[in-house]
Amino acid sequence: MRHGELVSLAWEDIDLKAGTITIRRNYTKLGEFTLPKTEASTNRVVHLIQPAISVLKNQAEMTRLGKQYNIKVQLREYGRSVNHECTFVFNPQVVRKSEQVGFVYKVDSVGDSWETAIKRAGIRHRKAYQSRHTYACWSLSAGANPSFIASQMGHASAQMVFNVYGAWMTDSNAEQIAMLNQKLTDYVPMMPHSHQSDTRGLLKSVS
């Protein structure tokens, strides 16, 4: 998910039972709610891995029963908008009750929190946005279909995944060959013995 999609995420977008998130909106640095970046990003369904589901279940204890806001989401057509009912998953008012804060985090707050976390963990610096690239690389390494990865990240096609991660994918050629060897051994049916014998006899007669 992009940062603007993350801070504007609402419980109305999440189905924990199905393990999915539907990306319906984005929050900009100008403080406006809009549709996600591209058509491919809009209303895409993100399938959650188990650790993400567990984290959201913990977060639900803090914000699921919070206040629901009626927000205006700008459409792509100039001057048009639609209203969304949103109970925000990440609401700064939950942790800053004594301060005058809004009901949604600023987009830059994601990067700020990320930098604080990696410093405490002693991890080499990298931008928060690179976590999207890490997700794509790990998914490819695990053997996920590039078309599936593209749909999860909001890219229009698998070609975008190849264009961005093509250089990395060549590094995994050995792993891909090993995987193919294993899969082909498991799934390709062996030729019947009698047919093999007939084939050898045919080859001898031809030679």
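The values are calculated or read from the model by the stated rules, or taken from the named source; none is laboratory data. Remember, it's a predicted structure, so these values are computed and weren't measured experimentally. When we count neighbours, we look across all protein chains shown, and the Cβ atoms used for this are built from the backbone with ideal geometry, even at glycine.
Quick look at the numbers
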{"item": "Selection count, the range 12-21, where residues are in a strand (DSSP E or B) and over 15 Å from the mean Cα position of the chain (by Cα)", "result": "1"}
{"item": "Condition met for G111 (within 17 Å of V7 (Cβ to Cβ) and small (G, A, S))", "result": "yes"}
{"item": "Inter-residue pairs, beta-carbon under 8 Å, first assigned by the TED database to the domain that holds R24 and in the range 74-93, second in a strand (DSSP E or B) and surrounded by fewer than 10 Cβ atoms within 10 Å (Cβ to Cβ), 6+ apart", "result": "N83/N70; H84/N70; E85/N70; C86/N70"}
{"item": "Test: G166 is under 16 Å from S8 (Cβ atoms), outside the structural domain of K37 (by the TED database) and either exposed (fewer than 11 other Cβ atoms within 10 Å of the Cβ) or modelled with pLDDT of 85 or more (or both)", "result": "no"}
{"item": "Those residues of the range 108-155 which are basic (K, R), within 26 Å of T38 (Cβ to Cβ) and part of a helix (DSSP H, G or I), in sequence order", "result": "R132"}
{"item": "E39 vs. criteria acidic (D, E) and farther than 26 Å from S147 by Cα", "result": "no"}
{"item": "Qualifying residues in the range 22-61 (those that are aliphatic (A, V, I, L, M) and in a loop (DSSP other than H, G, I, E, B)) - the one surrounded by the fewest Cβ atoms within 10 Å (Cβ to Cβ)", "result": "L30"}
{"item": "Matching residues in the range 26-41 - criterion: being within 20 Å of A156 (Cβ to Cβ), of a type outside the set (S, T, N, Q) and more than 15 Å from the chain's Cα centre (by Cα)", "result": "L35, E39"}
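For (1) modelled with pLDDT of 80 or more; (2) surrounded by 15 or more Cβ atoms within 10 Å (Cβ to Cβ), each residue gets a yes or a no:
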residue: S147; (1), (2): yes, no
residue: A150; (1), (2): yes, yes
residue: A156; (1), (2): yes, no
residue: I177; (1), (2): no, no
residue: K183; (1), (2): no, no
